[in-house]
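Below: the structure, in structure tokens.
The values are calculated or read from the model by the stated rules, or taken from the named source; none is laboratory data. Remember, it's a predicted structure, so these values are computed and weren't measured experimentally. Glycine gets a Cβ as well: all are built from the backbone with ideal geometry, and neighbour counts include every protein chain shown. Just the protein is used for accessible areas: all its heavy atoms, side chains included, with ligands, DNA and RNA removed. Shrake-Rupley method; radii C 1.70, N 1.55, O 1.52, S 1.80 Å.
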There are 6 protein chains.
Amino acid sequence: MKVCRKESFNAAHRLHNPNLSEKENKQLFGVCNNPNYHGHNYTLICCVEGEINPITGYVMDLKILSELIENEVLNRFDHKNLNLDCAEFFNLNPTAENIAKVIYSILRKQINTKLTLEITLWETDRNYVIYNGKY
Amino acid sequence: MKVCRKESFNAAHRLHNPNLSEKENKQLFGVCNNPNYHGHNYTLICCVEGEINPITGYVMDLKILSELIENEVLNRFDHKNLNLDCAEFFNLNPTAENIAKVIYSILRKQINTKLTLEITLWETDRNYVIYNGKY
Amino acid sequence: MKVCRKESFNAAHRLHNPNLSEKENKQLFGVCNNPNYHGHNYTLICCVEGEINPITGYVMDLKILSELIENEVLNRFDHKNLNLDCAEFFNLNPTAENIAKVIYSILRKQINTKLTLEITLWETDRNYVIYNGKY
Amino acid sequence: MKVCRKESFNAAHRLHNPNLSEKENKQLFGVCNNPNYHGHNYTLICCVEGEINPITGYVMDLKILSELIENEVLNRFDHKNLNLDCAEFFNLNPTAENIAKVIYSILRKQINTKLTLEITLWETDRNYVIYNGKY
Amino acid sequence: MKVCRKESFNAAHRLHNPNLSEKENKQLFGVCNNPNYHGHNYTLICCVEGEINPITGYVMDLKILSELIENEVLNRFDHKNLNLDCAEFFNLNPTAENIAKVIYSILRKQINTKLTLEITLWETDRNYVIYNGKY
Amino acid sequence: MKVCRKESFNAAHRLHNPNLSEKENKQLFGVCNNPNYHGHNYTLICCVEGEINPITGYVMDLKILSELIENEVLNRFDHKNLNLDCAEFFNLNPTAENIAKVIYSILRKQINTKLTLEITLWETDRNYVIYNGKY
């Protein structure tokens, strides 16, 4: 049984690899490389999977999952500049893939190891990524 | 090949475990424990997976799946109080997890055993659960 | 300039007119007349219209509007049985129309009279009503 | 890590199996068998799964995936009659299942074999299918 | 008080003006002029505005409005080719504007003249039109 | 007859009034005042209203409206920092209200004066503004 909670946060970012030339960055990341940043409304879905607790009828209380996401993820990233304000991305390009991976490792530490975790992150209403710890 | 049909129903419910004290119920279920009930628009997605029938080009006619959901699920739960009107929940706490499990077992009996079945149930536009018979 | 905020609440209700016979109620309200109640996820959109404040660039800070909705509307109706828990509906049939009208009159008292107010209330993903104080 | 891109196209089609009688076609496909065709806004989601490239932070640049979908899928099927204009369906009934399978095989040839591919195709806002090369 | 009902239908169509040359039609309507037709999932929202009936708490029972739309609009246009199957468009180009106008005049005859009527028609998830009898 | 086109763009911004103290800015704009910026996926809906052209069946070809929005609005604001990259906001606080007003005045110059124009701008999935030239 998988239970899922949807939240959202708004952030600025810029895609950039400091090991590449300016020209290579432009070629790779196009308008996403704008040195003055752009931004997104990120939609985050966190799913945990495990057995139903027979006392509560819950796999995990989604109110607790929601508070965990608020404390651990939204408080860090909401209304922030990912490149400038968030240590997690000082040396990591904040692509949707890398943001999802970072969120996964933040939440993984806080969730019972009997439960599997899966992160879905929508960057726009046409682009999203899914990460479950594999890779 | 997985084919999916989305339907919806509206119901009242209350989360409550009669084996726990009133205080424990309040702590566990908060506002969802309101003795006078509250309610939701449940969005139900049923997916069946199997081979494409070469004559029809269908895994399963989604019109037939839709009618099956209407007859077996919506007719039981739509515009009902799950705790008071639905025998399935007289002794089972109607959490999204348990509702999904009940819907799975109702539909599982009606669908060709060569097809796998997966139930997704949205309780609000931020909370949902997925069940495929495991657990 | 109109500025709008979307919120949601979950409630149980029953459509019933105590001045009509049981049979007339069934005919008028069908499954919505179920004596044990059913429920909905209500989506509420509040729009206020007026001039932009040149200092803030806001017509009205949507964070303040959101807190007002939370304090005045969600705290009253979220996770409640409208017929049993909410004095506003002890003598008023909780149709979407009447709920919208009640929300309008609650919020109208709290919002600067220079601003017009409009309430949109979705009862299901197919039914909604709009009220702006007319009628 | 799975990365996904959502696109859409509009097409006419008709469900029909030329090896069956007119009566059998009507029984099987109902209104979808209308000889003058009907149509849909198809929503297509393409997901590719693989490792993150440490230089780009991408599994696959979603802009490139989007262009690939536009060149290979939308240019073939958008604003077309699938039965009359598209050779892929001259001898294949254009059910959602078969359209998804055709799109999978078109894109599979263009995407690095290290990446897995999954196609989700919504035919209406209530019906969709998912195909990943199995079956 | 405005009350609204959302429905949908699927149809094929082709934009074409028989008084213009083939070349002019191509220029004006582009891919929408495809002689073999293409199609859409049309989303239709019908809003009626008037006073709340104090006995029912309804402006108009949305179940009755839904049945009216089904009988008068969906039965005519759903799973049809608008140009070939629907007399309303034998001499009228089935643009979203004209379809909305036709639906308005069909429903206007069936709805109490004390109620105003407004038709919103989404042709794709990016294009829609609104008509209320003006023009 | 009103015809509408939905587009979207992604941008970074910061709410700030240089005539106010740092403390006043924090109080007024809270997290939106972050000096390093944050960002949004803005959803833009442009509606034009007028008579149907009897030759085309269009009020205005939505493809032309879409291209106009792309050339005049998206090319200016998409993947930009509104405060740093866009002259329109060098001396104007980029609230949703002011962005809508700027977009209105840009597009108003390009659209036939016989047609009225209305701009809807969603900043998040819960906040939006509507502007039609009044105020």
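Enter the mean number of other protein chain beta carbons within 10 Å of the beta carbon of each residue in D:64-74, as an integer.
Values: counts 0, 1, 2, 0, 0, 0, 0, 0, 0, 0, 0.
Mean number of neighbouring Cβ atoms from other chains: 0.
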Item checked: Average accessible surface area per residue within segment A:23-135, 1.4 Å rolling probe, Å² -> 45
Check: Considering only the label points, 7 Å along Cα→Cβ from Cα, what distances in nm to one decimal separate B:D125 from the same position in each other copy, shortest first?
Finding: 0.7, 1.0, 1.1, 1.1, 1.4
Checklist line | Helix-only CD estimate at 222 nm, as mean residue ellipticity for chain D, using -39500 (n - 2.57) per DSSP H run (n ≥ 4) | finding: -6500 deg cm²/dmol
Notebook entry, point to check: So what are the ³J(HN,Hα) numbers for segment D:12-20, from phi and the Karplus equation (6.51, -1.76, 1.60; θ = phi - 60°), rounded to whole Hz, Gly and Pro as x?
Noted result: 9, 7, 8, 8, 6, 10, x, 7, 9
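Can you work out D for chain E in µm² s⁻¹ from Stokes-Einstein, where Rh is the Kirkwood radius over C-alpha pairs, the temperature is 37 °C and the viscosity is 0.692 mPa s?
207
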Check: What's the lysine pair count for chain A at a Cα cut-off below 28 Å, pairs eight or more apart or interchain?
Finding: 28
Note to self: Distance in whole Å from the B-onto-C rotation axis to the closest C-beta of chain B, together with the residue it belongs to, please.
What the structure shows: B:G39, 0
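If you place +1 on the Cβ of every Lys and Arg, -1 on the Cβ of every Asp and Glu, and leave all else neutral, what size is the dipole of the protein assembly as shown about its Cα centre, to the nearest 20 Debye?
Values: 90 positive and 96 negative charges, 0 e Å.
The dipole magnitude comes to about 0 debye.
Counting only other chains, what is the mean number of Cβ atoms within 10 angstrom of the Cβ of each residue in peptide A:27-34? Could the numbers behind the result be given before it?
Details: counts 0, 5, 5, 3, 5, 4, 1, 8.
Average neighbour count from other chains, rounded to a whole number: 4.
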Margin query: Tell me which of B:N112, B:L82, B:P18 sits at the most positive position along the dipole axis of chain B, charges placed on C-beta atoms (Lys, Arg +1; Asp, Glu -1).
Written below: B:P18
Notebook entry, point to check: Whole-Hz Karplus ³J(HN,Hα) for segment C:49-66, in order, using 6.51 cos²θ - 1.76 cosθ + 1.60 and θ = phi - 60°, x for Gly and Pro?
Noted result: 10, x, 7, 6, 6, x, 6, 9, x, 9, 6, 7, 4, 5, 5, 5, 4, 4
Check: How many nm separate the modelled label positions at F:E22 and C:V31, each set 7 Å beyond the Cα in the direction of the Cβ?
Finding: 6.0
Next item on the list: Would you give the gap between the C-alpha center of segment B:15-72 and the C-alpha center of segment E:8-86, rounded to a whole Å?
Entry: 33
Check: What number, in percent, do you get for the relative contact order of chain A if the mean sequence gap of Cα pairs under 8 Å and at least 6 apart is divided by its residue count?
Finding: 30
Notebook entry, point to check: Around F:Y58, which amide H atoms from residues at least 5 apart in sequence, or from another chain, sit under 5 Å from its own amide H, with H modelled in the peptide plane?
Noted result: F:N53
Item checked: Nearest-first distances (nm) between copies at C:F90, label 7 Å from Cα via Cβ -> 3.4, 6.1, 6.4, 6.4, 7.6
Next item on the list: Work out from phi, with θ = phi - 60° and the Karplus expression 6.51 cos²θ - 1.76 cosθ + 1.60, the ³J(HN,Hα) of each residue of segment C:3-8, listed in order in whole Hz, and give x for Gly and Pro.
Entry: 10, 10, 10, 9, 9, 8
Notebook entry, point to check: Expressed as an acute angle from 0 to 90° and rounded to the nearest 10, what is the orientation of the C-alpha long axis of helix E:96-108 relative to the principal long axis of chain E?
Noted result: 40
Notebook entry, point to check: What is the average number of partner chain Cβ atoms found within 10 Å of a Cβ in F:2-11?
Noted result: 6
Margin query: Beyond 44 Å, how much of the Cα-Cα pair distribution for the protein assembly as shown remains, as a whole percent?
Written below: 27
Check: Got the D:I64 label distances to the other copies yet, label 7 Å along Cα→Cβ, in nm, shortest first?
Finding: 3.9, 4.3, 4.3, 5.1, 6.1
Notebook entry, point to check: Taking both sides together, what accessible area is buried at the D/E interface, probe 1.4 Å, expressed in Å² and rounded to the nearest 100?
Noted result: 1500
Check: Where the accessible area of segment A:2-131 is counted over protein heavy atoms with a 1.4 Å probe, how much of it, in %, is carbon and sulfur?
Finding: 48
Notebook entry, point to check: Which residues in segment E:64-90 place their backbone N less than 18 Å from a point set 7 Å from the Cα of E:R108 along the Cα-to-Cβ direction?
Noted result: E:69, E:72-73, E:88-89
